[in-house]
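For reference, the structure is listed below as structure tokens.
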Amino acid sequence: MFTLTMKEEKPLSDTITFLGTGGARFMIINQFLASGGLWLNLSGTEILVDPGPGCIVQTTKRKLKAEKLSAIILSHRHLDHSADINIMVEAMTRGGFKRHGRLFAPADALETEPVIFSYLRDYLDGIEILQEGKNYSIGNISFTTPVQHIHLVETYGMLFNTGKHIFAYIADSRYFDGLYKYAGSELLIINVVFLEPRPPTDNPLIPTDHLSVPDTERIIVELKPKVAILTHFGMSIWRAKPWEIAQRMAEKTGIRVIAARDGMRFDLAKLDNTQD
Ligand SMILES: [Zn+2]
């Protein structure tokens, strides 16, 4: 008798888990939708993007292991994207006992009034500053920050290349023509906060630098991804039922549009089965 010790090789999949789909203040303080960010598992390289409030709760609930993370990326310093950055660095580095992982963030998240405590920076293998048009790598994954967004603070979206797939994440921004620089992605993940565009105002309590449903539709038509996933919903979108908005957008654009749900896991292999 002998036992077979060789494990059957399972091909590694590429997945994106939505640890939350809520965005902007009133949604976040009520937690009608969670706000934990995106967890990428790209052929075994795990990356956390935008750990908003509750990220640590969503992560442990979904049995994701923070110590397996290779990096945390912050699109910008706003609370709904960065509130759990400190605890997630602690979790990634096992409370600081295992120096490990890198942090990518815009300069203004690290300088005056930084969002990450200074003592935690020593737990990391390194910190890299995001800048417009730069290319970065994490293991066998690369990403670029094609264009700075128009938002109240320094903000970047990302274009990821896994070697098998290219996908884009458009973070918080006002609509502008340069967003076409994300072209070439098969999958577009896009933060849609408003149902309708908001006129500019001088009141700092009324933010206007967010994408609306008509803006998003325009971007989807411009970029023509195989699949678009809407997320980061504010209250107005939530009340209007994001899944119905996605369905109408799909009918109008002829592109597959999905409204993300808290905890949804999207397998990039699905892009291979989608007809062009
Ligand atoms: Zn923001």
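Every number in this text was worked out from the coordinates using simple rules, so none of it is lab data. Everything numeric in this text was worked out from a predicted model, so none of it was measured. Positions of Cβ are backbone-derived with ideal geometry, glycine not excepted, and every protein chain shown enters the neighbour counts.
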**Asked** How compact and how long is the range 36-84, expressed as Rg and Dmax of its alpha-carbon atoms in Å?
**Response** 10.2, 30
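Can you tell me the order of 194-204, 236-246 when each peptide is scored by its average per-residue count of other Cβ atoms within 10 angstrom, highest first?
Working: 194-204: 11.7, 236-246: 16.7.
Top of the packing list down: 236-246, 194-204.
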**Message:** Could you work out how much longer the chain between L152 and A269 gets when fully extended? Use 0.36 nm per residue separation minus the Cα distance between them, nm to one decimal.
**Reply:** 38.6 nm
**Message:** I need the shape label for the chain. Rule: rounded when a/c is under 1.5, else prolate if a/b > b/c, else oblate, with a, b, c from the alpha carbon gyration tensor.
**Reply:** oblate
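Restricting things to Cα coordinates, could you compute the convex hull volume per residue of the range 125-186 in Å³?
Values: hull volume 5.0 nm³, N = 62.
So the per-residue Cα hull volume is 81 Å³.
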**Radius of gyration and Dmax over the Cα atoms of the range 1-121, both given in Å** = 16.4, 67
**Request:** Just grab the label-to-label distance for K98 and Y119, each label 7 Å out from Cα along the Cβ direction, in nm (one decimal).
**Result:** 2.2 nm
**Asked** Where a Cα-Cα gap under 17 Å defines reach, which aspartates and glutamates qualify for K164, not counting those fewer than 8 residues away within the same chain?
**Response** D14, E46, E186, D267, D272, D276
**Prompt:** In µm²/s, what is D for the range 168-276 at 4 °C and 1.567 mPa s, where D = kT/(6 pi eta Rh) by Stokes-Einstein and Rh is the Kirkwood radius from Cα pairs?
**Reply:** 91 µm²/s
**Message:** Taking the Cα centre as origin and putting +1 on Lys and Arg beta-carbons and -1 on Asp and Glu beta-carbons, what dipole magnitude results for the range 50-135, to the nearest 20 debye?
**Reply:** 620 debye
**Message:** Please list 3J(HN,Hα) in residue order for the range 253-266, calculated via the Karplus relation 6.51 cos²θ - 1.76 cosθ + 1.60 where θ = phi - 60°; whole Hz, with x for glycine and proline.
**Reply:** 9, x, 10, 5, 10, 10, 8, 5, 10, 3, x, 4, 10, 9
**Item:** Compactness of the range 83-181 as Cα Rg over 2.2 N^0.38 Å, two decimals
**Value:** 1.16
**Request:** Tabulate in residue order the Karplus-calculated ³J(HN,Hα) for the range 166-180, using 6.51 cos²θ - 1.76 cosθ + 1.60 with θ = phi - 60°, rounded to whole Hz; enter x for Gly and Pro.
**Result:** 10, 9, 10, 10, 9, 7, 4, 6, 6, 5, 8, 4, x, 4, 5
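Run the numbers for E111 and A240: contour at 0.36 nm per residue of separation, minus the present Cα-Cα distance, in nm. Write down the numbers at each step before the final one.
Values: separation 129, 0.36 × 129 = 46.44 nm, distance 3.85 nm.
Additional length available on full extension: 42.6 nm.
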**Complete:** In order over the range 227-235: 3J(HN,Hα) from phi, Karplus 6.51/-1.76/1.60, θ = phi - 60°, whole Hz, x for each Gly or Pro, gives 9, 10, 10, 8, 7, 6, 6, x, 4
**Message:** Which residue, I220, H149, I129, has the largest displacement toward the positive end of the dipole of the chain when charges sit on each Cβ (Lys, Arg +1; Asp, Glu -1)?
**Reply:** I220
**Complete:** Surpassing 21 Å at the alpha-carbon level, of the pairs K63/K270; K61/K226; K134/K270; K98/K134; K134/K181, are K63/K270; K61/K226; K134/K270; K98/K134
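Can you tell me what share of the DSSP beta bridges in the chain is antiparallel? A percent to the nearest 5 is fine.
Values: 26 of 53 bridges.
The antiparallel fraction comes to roughly 50 percent.
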**Asked** Counting only residues 5 or more places away or on other chains, whose amide H sits under 5 Å from the amide H of K226 once H atoms are built in the peptide plane?
**Response** L187
